[in-house]
Every structure is written in structure tokens, then in C-alpha cells.
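First the structure, in the form of C-alpha cells, and then the observations on it.
The values are calculated or read from the model by the stated rules, or taken from the named source; none is laboratory data. If you're wondering where the values come from, they're calculated on a predicted model, not measured in any experiment. Here the Cβ positions follow ideal geometry from the backbone for every residue, glycine too, while neighbour counts run over all protein chains shown.
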Amino acid sequence: MFFQHIYDKSLAQASYFIGCQKAGVAAVIDAKRDVDTYIEIAKQNNMKITHIFETHIHADFLAGSRELAAITGADMYLSDEGGEGWKYEFPHKGVKDKDVIKLGNLLLEILHTPGHTPESISILLTDTPASMEPVMLFTGDFVFVGDVGRPDLLEKAAGVVGTADAGAIQMYKSIQKFNLLSDFIQVWPGHGAGSACGKSLGSVPSTTVGYEKARNWAFQYNDNENGFVKYLLADQPEPPKYFAKMKSLNKIDRPLLTSVPKLKQLTASELKDSVTKGIKIIDARSKNEFASGYIPGSINIEGNNSFATWAGWFLNYDEKFILLVDETQLDDLTRKLMRVGLDNIYGYIPSTKPWIEMGGSLDKSTIINLDEFKNLLADKDLEIIDVRNATEFKAGHIVGAKHVFVGTILNNLDKINKDKKVVIHCQSGARAAIAYSLLTKSGYNNILNYSAGMNEWVNEGNSVIS
């Protein structure tokens with residue numbers, strides 16, 4: 001058997017390439033959308049991709065199953081569980097609980113494991129030349145390392161009212177099915193630490209059934225369904241805005257993108273014309289580069305592993321946008337955007353130079369240090385805005401700080417007084433830079449950025465309240 005774990009750090013998302021070397025055939029589970037990765041693995045190992053699986057209708061990324069099928073001709077094996085409203089709306093082979101699919105000498109058994117979503121499945125793998133006992137379980141968003149999938153995304157992100165409690169009860173029942181599996185079976189989940197699909201995911205890529213039974217919090221609620229449901233639904237992170245769009249696009253028949261787009265470099269006149277038309281500029285430089293000089297109205301989202309997630313919060317899928325990105329990062333960031341379906345990129349500029357060539361001026365961020373921030377605290381009219389997530393804020397924040405999460409800041413501008421001096425901060429500066437750029441774009445002229453944030457505040461021994 002051939003096996004390879006493919007991990008996208010930007011979305012903390014795992015996909016899997018499994019092959020029968022004797023038969024020369026392979027399957028991919030939960031493919032990301034830039035599918036050239038799997039094509040290359042198949043080529044290097046002299047295999048043909050014939051089977052494509054998804055564990056559920058994903059919300060956090062745009063699955064590449066259809067792109068991969070279009071290129072390879074492989075069949076898609078997708079869940080036919082979950083009932084009305086949970087069917088994929090394009091041609092595929094439907095699978096149900098206890099179905100077994102052959103892949104050369106490998107057997108893949110479908111387990112219906114609802115909870116995260118009603119149609120969720122896990123895939124139990126048996127390598128028959130070695131043993132008739134299953135050896136691997138691909139759990140998708142069912143069981144993670146140290147956690148289980150959250151059942152509230154449908155309600156919070158997609159607006160399907162009343163599904164959180166029902167999903168939590170389904171998850172409890174699915175866990176009982178997991179409990180019956182042999183302890184030695186390897187567990188390969190769909191996500192790792194940093195994913196918004198759970199609240200306490202472990203950072204190691206895999207685990208075992210036995211380890212999760214012993215250490216995962218979800219398996220400690222024997223005969224206590226109510227306690228399990230209450231804990232599972234408590235303190236889940238804010239689901240990114242784009243999740244609802246992904247849920248829809250992964251279900252319906254949509255346009256395919258079978259290669260990574262090559263972006264057009266805009267001329268100075270094209271840039272000026274675009275800005276005149278109101279096309280957004282996403283500045284992917286570091287927060288420090290942005291602060292030292294940025295195109296007025298541009299939005300600073302650092303080109304790091306969180307780039308696509310934050311872009312999904314602030315870009316509409318129908319609008320064109322421009323990237324300001326160093327050419328060394330161009331392919332990487334295009335792929336990151338592609339993985340969440342943000343394909344409507346009008347073009348890019350490698351620096352602020354084209355803007356300056358057209359006579360444009362640059363603005364600068366007002367960054368303050370710790371001493372300057374402390375001196376401002378005596379001002380009774382000062383507003384301190386903490387843009388971290390709710391869990392971080394509850395765990396400990398600066399006295400007098402108001403919580404306005406950066407992801408929803410544009411919907412909560414009424415909570416930030418334009419007539420007062422406002423200091424914003426986050427944990428280490430990246431989210432505050434996003435917030436600063438959004439607020440200045442929205443007409444706030446008296447914003448100060450305590451960029452060092454809570455990391456410095458706490459490390460310097462300053463007090464917090466929770």
C-alpha cells in the first residue's frame with residue numbers, strides 16, 4: 001500500500017493519497033482545489049487516480065474533487081446520507097453506511113458518522129495483503145486529535161436554525177460507534193491545530209482509536225449525553241464569514257478551475273483606473289511594511305498562513321480585487337485564495353511604486369509603543385478596542401477595553417466612536433493591522449495602533465482582567 005498525507009498549513013487542512021501499488025490505482029480523500037499536488041504524486045509513483053472521496057460537504061475550503069475528476073476521469077464517491085437537503089447536486093457515485101469500495105487490494109468501508117454535519121462519513125481502510133483487520137480510519141471532521149467536530153457551524157455560519165443541538169446529539173451517538181473500533185487503528189483526521197472546525201485540535205497529524213478513547217475529552221462523557229452536548233457547544237470559535245459560501249459551492253454544480261491562474265501585473269494607469277472604480281486593494285505585505293507607507297483605502301492582510309481565512313472575511317465573492325504582493329509570494333497567495341474560491345482577482349502590483357508613479361501619495365499608520373499607550377490611559381475619553389476573538393478576550397484583557405472582533409468589525413462600527421481617540425490592539429499585531437486598515441478606509445482618522453499588543457502587555461507584567 002502507498003500512503004501520503006498532504007497538509008495545507010494555511011487552512012490546517014489534511015488530504016490523503018492512498019494507492020494499491022500492485023494494481024497501480026489510487027484514491028484521494030478530501031482534495032484541496034490546487035490538485036496538481038495529487039497529479040504529481042501519482043506521476044512520481046506510476047499510479048492512476050481512479051477514486052475520489054469526500055468525508056462531508058466542507059465549509060472551510062472549496063474541495064478540489066470535481067477539478068481532480070475532470071483532469072483524471074476518476075469517479076467521485078460522495079455521501080448519500082443525511083436526508084433531504086444534504087445531497088450533492090452534480091453527478092457522482094453515492095455511498096452509504098457499510099458500503100465497501102475496492103481499490104486494487106485495498107478495501108474502503110464507509111461509516112456514517114453524523115454530528116459535524118448530517119451527511120458526514122468516515123472511511124475505514126483495510127490493506128488485505130497484510131491483514132483483514134482495518135488499519136486506518138479517515139475521520140474528516142468527526143474525530144480529531146484531542147477533539148471532535150463542532151456541530152454549530154450550520155447554525156452560526158450557514159444560518160440553518162436549530163441544527164446545533166441536534167448535531168451535538170448525533171455526534172454523541174457517532175462517538176459510540178467509534179468506541180467499538182479496535183484500539184490499534186490509526187486515525188487520520190481532516191484538520192489539525194488552527195482550524196475553526198473545532199476548539200482544541202491537537203497539532204500532531206494522526207492518532208489512534210485507543211489514544212482518543214483514553215485522552216480525548218469527548219470520550220470521557222460516558223452515559224452523560226447532556227454534559228457532552230453542553231461542553232461541545234460551549235466556547236466554539238467564531239466561524240469565518242466565507243464558510244456559508246463554501247457550504248453552498250461544495251454542494252452545487254459550479255465552474256471549475258483546473259490550474260492555478262497566472263495573474264496579470266497591472267500598469268500604473270490600470271491601477272489608477274481600478275481604484276477610481278472602487279476595486280479593493282488587498283495589501284499582503286507585512287504589518288510593518290504596510291505601516292511605513294500604504295495606498296489609501298487598501299486593506300492590509302499579511303501573506304501568512306491566515307491570509308485566505310481573513311480574505312474570506314472581507315471580500316465578497318462577486319467583486320473583483322487587486323493584490324499588492326511581492327512576486328516571490330504570488331503563486332503561494334494565489335493558491336491560498338483559490339482554496340477558498342476567491343478567484344475574482346483583477347490583477348496584482350508588486351509594490352506601491354505604480355501608485356506613486358501616477359502621482360498618488362502614501363498614508364502611514366500611527367503605531368504607538370507601550371509607554372505611549374500607558375500615558376494615554378489617563379485620558380477618560382480614550383477608547384481601547386481589543387480585536388481578538390471572544391475566547392481570547394474572556395481569558396484576559398486590559399481593564400477598560402471593549403471587545404470588537406476584527407472579523408465582524410465592519411458590522412460593528414457603531415461601537416467605535418469616531419469622535420474619540422481610539423487605541424486598537426490584538427495579540428501580536430497582525431489582526432490589529434487589518435482592523436487599522438479597515439477603520440481608516442471607513443473614515444476613522446483618530447486611530448492609534450498598539451501593535452505589540454497583549455504579548456508585550458502581559459510579558460511586561462501588566463495586569464489583565466477576565
Exercise. Are there any pairs with C-beta distances below 9 angstrom linking a residue in the stretch 409-428 that is not assigned by TED's automatic domain parsing to the domain that holds residue 447 to a residue that is in a loop (DSSP other than H, G, I, E, B) and crowded, with 19+ Cβ neighbours inside 10 Å, with the two at least 6 apart or on different chains, and if so which?
Worked result: none
Exercise. Within the stretch 375-393, is there a residue that is surrounded by 13 or more Cβ atoms within 10 Å (Cβ to Cβ) and without any contact (Cβ under 8 Å) to a residue 24 or more places away in the chain?
Worked result: yes
Exercise. Looking at the stretch 183-192, is at least one residue surrounded by fewer than 22 Cβ atoms within 10 Å (Cβ to Cβ) and either at pLDDT below 95 or among the hydroxyl-bearing types (Ser, Thr, Tyr) (or both)?
Worked result: no
For this session: Run down 321, 228 and say which single residue is out of contact with any strand residue (DSSP E or B) (no Cβ under 9 Å at 6 or more places or on another chain), under 30 Å from residue 30 (Cβ atoms) and among the hydrophobic types (A, V, I, L, M, F, W, C).
Result: 228
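Anything in the stretch 1-22 that is of a type in the set (Gly, Ala, Ser), assigned to a loop (DSSP other than H, G, I, E, B) and out of contact with any Lys or Arg (no Cβ under 9 Å at 6 or more places or on another chain)? List them, or say none.
Here is the first cut: in the stretch 1-22, the residues of a type in the set (Gly, Ala, Ser) are 10, 12, 14-15, 19.
Filter again for assigned to a loop (DSSP other than H, G, I, E, B), leaving 10, 12.
Within the stretch 1-22, just 12 meets the criteria.
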Problem set entry | Residues located in the stretch 446-456, provided they are assigned to a loop (DSSP other than H, G, I, E, B) and touching a Leu at 6+ places or on another chain (Cβ under 9 Å) | 450, 452
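Look at the stretch 324-349 and say how many of its residues are within 20 Å of the chain's Cα centre (by Cα) and either on the phi < 0 side of the Ramachandran plot or without any contact (Cβ under 8 Å) to a residue 40 or more places away in the chain (or both). Spell out the reasoning first.
Within the stretch 324-349, the subset within 20 Å of the chain's Cα centre (by Cα) is 329-345.
Those left that are additionally either on the phi < 0 side of the Ramachandran plot or without any contact (Cβ under 8 Å) to a residue 40 or more places away in the chain (or both): 329-340, 342-345.
Residues that pass the stated criteria total 16.
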Exercise. Scanning the stretch 302-339 for residues that are within 18 Å of residue 438 (Cβ to Cβ) and charged (D, E, K, R), which turns out surrounded by the most Cβ atoms within 10 Å (Cβ to Cβ)?
Worked result: 302
For this session: Looking for whichever is modelled with pLDDT of 95 or more, under 22 Å from residue 182 (Cβ atoms) and surrounded by 24 or more Cβ atoms within 10 Å (Cβ to Cβ) here; the options are 101, 121, 110. Which one fits?
Result: 121
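So which helices (runs of 4 or more DSSP H) are wholly in the stretch 322-381 and hold at least 3 residues that are charged (D, E, K, R)? Steps first, please.
On the way: elements: 330-338, 353-357, 370-376.
Once the helices (runs of 4 or more DSSP H) in the stretch 322-381 are filtered for at least 3 residues that are charged (D, E, K, R), what remains is 330-338, 370-376.
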Exercise. Out of the residues in the stretch 2-46 that are of a type in the set (A, V, I, L, M) and within 18 Å of the chain's Cα centre (by Cα), which is surrounded by the fewest Cβ atoms within 10 Å (Cβ to Cβ)?
Worked result: 6
Seminar exercise, completed: So, first residue part of a loop (DSSP other than H, G, I, E, B) in the stretch 35-47, second residue crowded, with 21+ Cβ neighbours inside 10 Å, Cβ within less than 6 Å, six or more apart or across chains; the pairs are 35/64; 35/67; 35/68; 47/19; 47/26
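Conditions (1) under 22 Å from the mean Cα position of the chain (by Cα); (2) farther than 27 Å from residue 213 by Cα; (3) of a type in the set (Gly, Ala, Ser), marked per residue:
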| residue | (1), (2), (3) |
| --- | --- |
| 71 | no, yes, no |
| 77 | no, yes, no |
| 80 | no, yes, no |
| 86 | yes, yes, no |
| 107 | no, no, no |
| 124 | no, no, no |
| 127 | no, no, no |
Seminar exercise, completed: Sole miss for residue 135 among (1) touching a residue at least 40 places away in the same chain (Cβ under 8 Å); (2) crowded, with 21+ Cβ neighbours inside 10 Å is condition (2)
Exercise. In the stretch 86-105, which residues are touching a His at 6+ places or on another chain (Cβ under 8 Å) and among the β-branched types (Val, Ile, Thr)?
Worked result: 101
